[in-house]
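Derivation of every value follows stated rules applied to the coordinates shown; laboratory data play no part. Note that the structure is predicted; figures quoted are calculated from it, not measured. Using ideal geometry, Cβ is built from the backbone for each residue, glycine included, and neighbour counts are taken over all protein chains shown.
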Amino acid sequence: MTAETRINPLQTTPDPVGSVDPVWSRMRREAEELEKTEPFMALMAHSVILHHPSLEAALSYRLAQKLSSPEMSPLLVREMSDMAYAEYPVMGEAGRADIRAVFERDPACHRMIQPLLYFKGFLALQGYRLAHQLWITGRSDMALFLQMRCSEVFGVDIHPGARIGKGIMIDHAHSIVIGETAVVGDDVSMLHSVTLGGTGNPKATGTRRSARACSSAREPRCSAISVSGIAARSRLARWCFRTCRPARRWRGSLRGSSAMPGATVRRCRWTTAWAWVRNGCPRISSPTAERG
């Protein structure tokens, strides 16, 4: 065999999945460009992206790297993740939607490979999605272990019982707490220091209030709106906003440093804020907020 015909062991074969998956196909092209422009990152580009046949396999490998511990080897986490992605295709669909959300809404994200490689908010969200599937199938202990690891590694504490939609962008992802009964809809953007609490202690009340009784239980819900610095706790029933620049519309949702454009709201009632969202987020003429 001549030198011209020798096979490069790092050379990857064409990906049949990438040809019909635009997100994964673009991520592979960007990883190949990274390999050429930054040789020191070539090993990482191959191990995280180019070595895998699909985005689900890459996510499984990345989660196994990050969420493993001395008590739980990367091999066990990888096997568990592979089974979950194979059994629940919705996890892969949500991961693709999350990558597109970060790429399109975060001005600091210039390539689709960046969330998978560098952004802890995206990785913590994918860890939650794995824990959530374990939670709803009755494997609560394993789900709580993954919640603990996400909190330790990423500083993001999301209860596996919470319900979170697709197309989520968590920017910076520092001091994020989402309780068990919180509901987050599709196309929601969050910045740092966001708390979405629960509806009470089940030991004191006997059971948690129904997720459908949002108005009476004051359960925190978010839908198609940016959340920045919100402390939405069921006991306090208040949301705190602070506007630093005008918000901008993006496909039916709001993006900016605050969810309430044109006003500085120090303290407002949860019901007032939720009614403002349901009415289409009209501009508020007066900066004075109703005190609870």
Here the Cα Rg-to-2.2 N^0.38 Å ratio for the range 112-153 is 1.23
What nm value, rounded to one decimal, do you get for the distance between GLU33 and GLU79 when each label is placed 7 Å out toward the C-beta? 3.9 nm
By Cβ neighbour count within 10 Å, fewest first, LEU196, LEU75, LEU34 rank LEU75, LEU34, LEU196
Evaluate the Debye formula for the range 81-121 with equal point scatterers sitting on the alpha carbons, no solvent, and hand back log10 of I(q)/I(0) at q = 0.15, 0.21, 0.30 Å⁻¹, in q order, two decimals. -0.40, -0.67, -0.98
ASP98, ASP157 arranged by Cβ crowding within 10 Å, fewest neighbours leading: ASP157, ASP98
Per-residue HN-Hα couplings for the range 73-84 [Karplus 6.51, -1.76, 1.60; θ = phi - 60°; Hz; x = Gly/Pro]: 6, x, 5, 5, 5, 5, 4, 5, 5, 4, 5, 5
Peptides 57-66, 147-156, 103-112 ordered by average Cβ neighbours within 10 Å, highest first: 57-66, 147-156, 103-112
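Using the Kirkwood radius built from alpha carbon pairs, what does the Stokes-Einstein equation give as D for the range 57-145 at 37 °C and 0.692 mPa s, in µm² per second?
It comes out at roughly 245 µm²/s.
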